[in-house]
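Colleague: I'd like to ask you about the structure that follows.
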Number of protein chains: 2
Amino acid sequence: MPSYKLTYFDIRAFAEPARLLFHLGGVPYEDVRMPTDDIVPGIQSDAFLALKDKTPFGRFPVLSIDGFDLAQSTAIHRYLARKFGYAGKSPEDEAFADSIVDQVKEYLESFRPLLYAQKSGKPEEEVKRIHDEVYIPVKNLLFKILTRILKESKSEYLVGDGLTWADLVVADHLYSLTNIKELDPEDPIHLNLKKYQERIFNLPELKDYIETRPKRDL
Amino acid sequence: MPSYKLTYFDIRAFAEPARLLFHLGGVPYEDVRMPTDDIVPGIQSDAFLALKDKTPFGRFPVLSIDGFDLAQSTAIHRYLARKFGYAGKSPEDEAFADSIVDQVKEYLESFRPLLYAQKSGKPEEEVKRIHDEVYIPVKNLLFKILTRILKESKSEYLVGDGLTWADLVVADHLYSLTNIKELDPEDPIHLNLKKYQERIFNLPELKDYIETRPKRDL
């Protein structure tokens with residue numbers, strides 16, 4: 001078996017679907033978690049900057065597979081999903097899973113400005129404007145798409161008749177939205193997605209890891 | 001052979017790597033090109049809006065494969081690349097190609113604001129600020145990454161010893177940059193990438209199509 005090392009920060013964000021895939025596959029890996037302090041520009045240590053400079057594209061996460069360093073979270077997740085049998089059962093299912101993940105990535109382009117606005121201490125009014133005008137429309141669009149896909153699905157999963165990495169990417173993000181109070185249990189669409197997320201998190205192969213992993217909002 | 005229909009606007013942008021792949025594979029397809037007027041919000045016809053509403057995620061391009069509608073350009077390109085043998089020759093090569101394409105997509109997040117600023121008629125100073133402060137740093141980073149990958153490659157291609165869809169995505173974008181004068185022939189890094197782009201465009205399977213296709217800057 002190859003030797004796997006996943007290097008990222010001590011948060012879920014862009015690495016958690018990879019961690020979930022290792023647990024699903026029952027495959028051991030080295031889970032290197034750097035202090036999140038290192039993310040903040042200006043206070044990065046020389047050691048961290050030297051490490052960053054050795055990554056393929058100057059960014060984390062990086063998955064090392066017997067010395068081959070792979071960058072870009074989505075490429076990492078797809079690679080592991082295919083290795084461990086969670087990429088989809090036909091070329092069309094694989095492509096559908098890919099398209100869902102890319103749709104989530106497109107949505108994240110409008111989620112990040114909200115996080116940055118909140119963290120950088122912008123005035124409350126400006127944060128509210130970004131939340132209401134930039135973020136909410138794309139969140140509603142994503143929720144509409146996910147709801148339709150789950151309704152049309154022949155299984156309890158997004159793609160085909162079994163779990164794929166698209167479920168992991170989506171469920172992991174829905175959990176982040178729960179943590180930052182962007183899922184409203186009074187809204188039937190939100191509640192339905194929340195139930196879907198909980199079904200994924202309760203899968204026997206994942207449950208133990210999820211219950212014992214470090215608690216992180218994002 | 002399946003029946004393929006690609007629906008997009010009458011530009012290269014998010015569909016051209018798919019068109020190039022059909023020509024590389026020598027596979028016939030229906031190339032539906034809608035007037036670019038339809039992209040501008042506010043003047044979209046009822047017919048166009050109805051069509052858009054029928055797409056998986058409300059956006060184009062869409063690739064229809066015997067009635068299965070696939071959205072998201074990158075998912076479309078990867079699907080065709082794998083069908084026609086241009087995805088990479090090993091799981092690691094496939095993942096490396098994926099990671100390069102995702103790196104280009106990340107860069108495009110800073111290219112689009114420049115295009116929008118130019119097209120929406122923002123004041124010249126603001127366009128220059130976005131160009132110099134937002135776009136140029138990410139362009140330089142991408143060029144540095146591509147230059148290093150090509151230098152370390154054992155072939156004339158980005159991944160492994162043969163052409164992959166990553167070459168098509170990168171060369172197509174370098175051609176766009178040539179058209180909008182963002183490649184400077186006096187700069188050796190730019191010149192080297194320009195030569196790489198021309199090598200790809202001169203491949204016998206692509207040359208005829210590229211010479212006869214509709215001329216579009218982007």
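Bear in mind these aren't lab numbers, they're just calculated from the coordinates by the rules spelled out. Quantities reported herein were computed from a predicted structural model and do not represent experimental measurements. Backbone-built Cβ (ideal geometry, glycine too); neighbour counts: all protein chains shown.
Colleague: If each label sits 7 angstrom from Cα along the C-beta direction, how far apart, in nm, is B:PRO91 from its counterparts in the other copies?
Modeller: When each copy's label point is compared with this one, the spacings are 2.0 nm.
Colleague: Assume the label is 7 Å from Cα along Cα to beta carbon: what separations in nm does B:ILE180 have to the matching positions in the other copies?
Modeller: Listed shortest first, these distances are 2.9 nm.
Colleague: Also, I was wondering about something else. Taking amide H positions as placed 1.01 Å from N in the peptide plane, with prolines and chain starts having none, which residues 5 or more places from A:LEU163, or on another chain, fall under 5 Å of its amide H?
Modeller: Under 5 Å from the amide H of A:LEU163: no residue qualifies.
Colleague: Normalised by the residues of chain A, what does the relative contact order come to in percent, with Cα pairs under 8 Å and at least six apart?
Modeller: 20
Colleague: List the lysines whose Cα sits under 20 Å from the Cα of B:LYS122, skipping any in the same chain fewer than 8 residues away.
Modeller: Output for B:LYS122: B:LYS181.
Colleague: Whole-Hz ³J(HN,Hα) for each residue in the stretch A:164-172, computed from phi via Karplus 6.51 cos²θ - 1.76 cosθ + 1.60 with θ = phi - 60°, x for glycine and proline: what do you get?
Modeller: Listing the rounded values in order: 10, 4, 4, 4, 5, 4, 5, 4, 4 Hz.
Colleague: Just to check, using Stokes-Einstein with a Kirkwood Rh over alpha carbon pairs, what's the diffusion coefficient of the stretch A:4-85 at 25 °C and 0.890 mPa s in µm²/s?
Modeller: 188
Colleague: Still on this structure: Could you check which residue among B:GLY162, B:GLY25, B:GLY58 shows the biggest mean-square fluctuation in a GNM of chain B with a 10 Å Cα cutoff?
Modeller: Comparing B:GLY162, B:GLY25, B:GLY58 in the GNM, the peak value goes to B:GLY58.
Colleague: Now for a different question. Can you quote the Å³ per residue value for the convex hull of the Cα atoms in the protein assembly as shown, rounded to an integer?
Modeller: In the protein assembly as shown, the Cα convex hull volume per residue is 170 Å³.
Colleague: Let me ask you something else. Between A:ILE136 and B:LYS52, take the C-beta separation as r, use R0 = 35 Å, and let me know the FRET efficiency to the nearest 0.05.
Modeller: In this case the efficiency is close to 0.95.
Colleague: I want to check the label-to-label distance for A:GLU186 and A:ARG129. Put each point 7 Å from Cα in the C-beta direction and report it in nm to one decimal.
Modeller: 2.7
Colleague: Another one. Which values, in whole Å and largest first, are the semi-axes of the equivalent ellipsoid of chain A obtained as the square root of 5 times each eigenvalue of the Cα gyration tensor?
Modeller: Its equivalent ellipsoid spans semi-axes of 27, 25, 15 Å.
Colleague: What Kirkwood radius, in Å to one decimal, follows from the Cα pairs of the stretch A:49-171?
Modeller: 16.6
Colleague: Would you mind listing the distances between the B:LEU49 label point and the same position in each other copy? Use 7 Å along Cα-to-C-beta, nm, one decimal, shortest first.
Modeller: Here B:LEU49 shows inter-copy label distances of 5.3 nm.
Colleague: Would you kindly derive the ³J(HN,Hα) couplings of the stretch A:82-89 from the backbone phi angles with the Karplus curve 6.51 cos²θ - 1.76 cosθ + 1.60 (θ = phi - 60°), listing them in order in whole Hz, with x for Gly and Pro?
Modeller: Karplus-based 3J(HN,Hα) across the stretch A:82-89 equals 5, 4, 9, x, 10, 9, x, 8 Hz.
Colleague: Closest approach to the B-A rotation axis by any Cβ of B: residue and distance in angstrom?
Modeller: B:GLU109, 3
Colleague: With +1 assigned to the C-beta of every Lys and Arg and -1 to the C-beta of every Asp and Glu, and no other charges, what is the dipole magnitude of the stretch A:91-203 about the Cα centre in debye, to the nearest 20?
Modeller: 320
Colleague: Okay, helix-only estimate at 222 nm for the protein assembly as shown: each DSSP H run of n ≥ 4 adds -39500 (n - 2.57), divide by all residues, round to 500 deg cm²/dmol; what do you get?
Modeller: Using -39500 (n - 2.57) per qualifying helix, the result is -17500 deg cm²/dmol.
Colleague: Find the relative contact order for the stretch A:91-203 and round it to a whole percent, using C-alpha pairs within less than 8 Å whose residues are 6+ positions apart.
Modeller: The normalised contact order for the stretch A:91-203 reaches 24 percent.
Colleague: With labels modelled as points extended 7 Å from the Cα through the Cβ direction, what inter-label distance (nm, one decimal) is found for B:TYR116 paired with B:LEU218?
Modeller: Between B:TYR116 and B:LEU218, the label points sit 1.1 nm apart.
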